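Peer 1: The structure is given below, and queries will be raised subsequently.
Throughout, read-outs are computed from the coordinates displayed, never taken from laboratory work. Just so it is clear, the structure is predicted and the values come from calculations on it, not from any experiment. Here the Cβ positions follow ideal geometry from the backbone for every residue, glycine too, while neighbour counts run over all protein chains shown.
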Amino acid sequence: MSLARTLIFFSLIASGLWIPVPVEAWQSSPANLTGDIVRESESPERGEFAFQDKAPPKPTTPSNPPTRLPTPPASPPRPAPRPDPPPQFNPFANAQPNQPFLARLSRAPDMFGDSFIPLTATISAFTTDTTNGNSREAVLDLPLAGGSRRFKNEHSRAMPTDRVFGTYHHFQNALEATSLTPGFRSTDANVDRFTLGVEKTFADGNASIEFRLPLSVPVSLSTQDAMYRTNTVGDLVVTLKGLLYSNESQAVAFGLAVNTPTGNDLRVSLPNSGDGGAELTVSNNAVHLIPFLAYQAAPNDDFFFNSFLQVDTPTNDNSVQVRNLIPNTVDHRKLTDQTLLYLDTSFGYWMFRDPEAEFLTGLAGLIELHYTTALNSADVVTDRNQIVTFGANSGRLDAVNMTFALHTEIARSTIIRAGYVAPLRDGNHRFFDHEFTLAVIFRR
């Protein structure tokens with residue numbers, strides 16, 4: 001027995017303990033005897049303990065080392081974007097807000113237009129001139145419904161638009177009255193009219209509904225033979241418009257405007273008519289249907305073009321009442337407006353455009369040509385005593401006007417426009433000396 005084993009043996013005996021140790025433990029090296037004392041489950045006797053080796057087991061190297069994870073397959077390439085489908089001649093074919101290629105066309109300014117034609121009726125009051133014994137005639141223009149009941153597509157275009165707008169029109173010498181009394185000159189009167197309007201799109205921006213209400217500054221016209229005063233409220237116009245065709249440079253739209261008789265009636269005093277004078281009342285009863293075809297183009301970023309073809313036709317008559325004071329008689333008549341055809345063309349050019357500017361973002365110039373003609377002869381109505389005759393200034397009319405205008409855009413959503421209209425014909429085909437128009441538009 002070695003010296004180390006002998007010392008361990010005698011130390012255990014001296015301490016009074018006897019722990020059976022397997023023979024293998026005695027045969028092992030002293031380093032293997034250092035361990036924790038644990039209960040040996042295999043021992044048949046309770047209370048016997050054995051030493052358990054505390055050294056951790058050595059890691060074993062796997063026979064097959066793990067391989068590298070496989071690389072995931074590459075994602076398939078994205079398909080190339082499809083080009084925009086070609087435009088089709090279908091109603092509401094291309095949605096305006098969802099088609100970025102319509103951006104240039106949507107920025108194109110509206111047409112200015114020209115708007116004043118008096119009611120297609122005149123008054124001829126006949127009396128006997130005591131100087132020479134001949135009958136004389138006095139002609140009086142009759143404005144209805146805020147100065148003029150005619151609706152034109154002013155400050156409008158083919159593209160439906162979300163906007164709120166207000167316009168002002170000044171017509172110089174738009175109303176005229178000649179006198180029966182020798183030595184008295186004819187009298188002229190100006191017309192100042194305001195229009196409030198709103199247009200709202202629907203059907204994905206392919207159609208819109210618009211409301212316009214004209215308000216006129218009251219006009220008082222007085223001569224030796226006729227006196228009247230106009231009222232302020234005009235005829236409310238409701239317009240439906242829809243795109244028939246559109247692409248990146250042009251659009252075609254069809255619309256229908258309904259001119260409703262919301263304006264007031266007109267009352268005229270004729271002190272020198274007949275034996276004791278007469279009173280005249282023209283009622284505003286007629287509803288006008290106004291279908292139109294609109295074309296708009298923007299071939300490039302500099303030029304733009306607008307055109308309208310429009311027909312204005314009445315659906316019913318205006319009632320007329322003539323009351324003769326001496327003798328006291330009342331005549332009731334019906335007066336039908338003429339059907340008018342409008343053809344308007346507008347050319348424009350962008351002189352400056354910078355959408356990123358803080359204040360002035362665009363400046364454009366426009367020149368327009370407007371043609372108005374009657375499709376039927378004027379209706380003439382005469383009362384029983386031949387005191388008053390109703391009719392138009394001329395049986396047929398062919399008015400030609402030219403417009404020069406500037407269009408400015410401020411802060412991307414505000415538009416201020418100013419224009420001047422000059423008649424190109426004289427006589428019965430000229431309805432004012434000149435026109436000035438101003439518009440403020442807030443566009444979404």
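Peer 1: If you place +1 on the Cβ of every Lys and Arg and -1 on the Cβ of every Asp and Glu, how big does the dipole about the Cα centre of the range 100-443 come out, in debye to the nearest 20?
Peer 2: It works out to roughly 360 debye.
Peer 1: A further question on this structure: Consider a paramagnetic label point 7 Å from the Cα of Val164 along Cα→Cβ; state which residues of the range 417-444 have an amide N under 15 Å from it.
Peer 2: 440-444
Peer 1: If you don't mind, another one. What net charge is computed for the residues neighbouring Thr239, neighbours being all others with C-beta under 9 Å from the C-beta of Thr239, Lys and Arg scored +1, Asp and Glu -1?
Peer 2: 0
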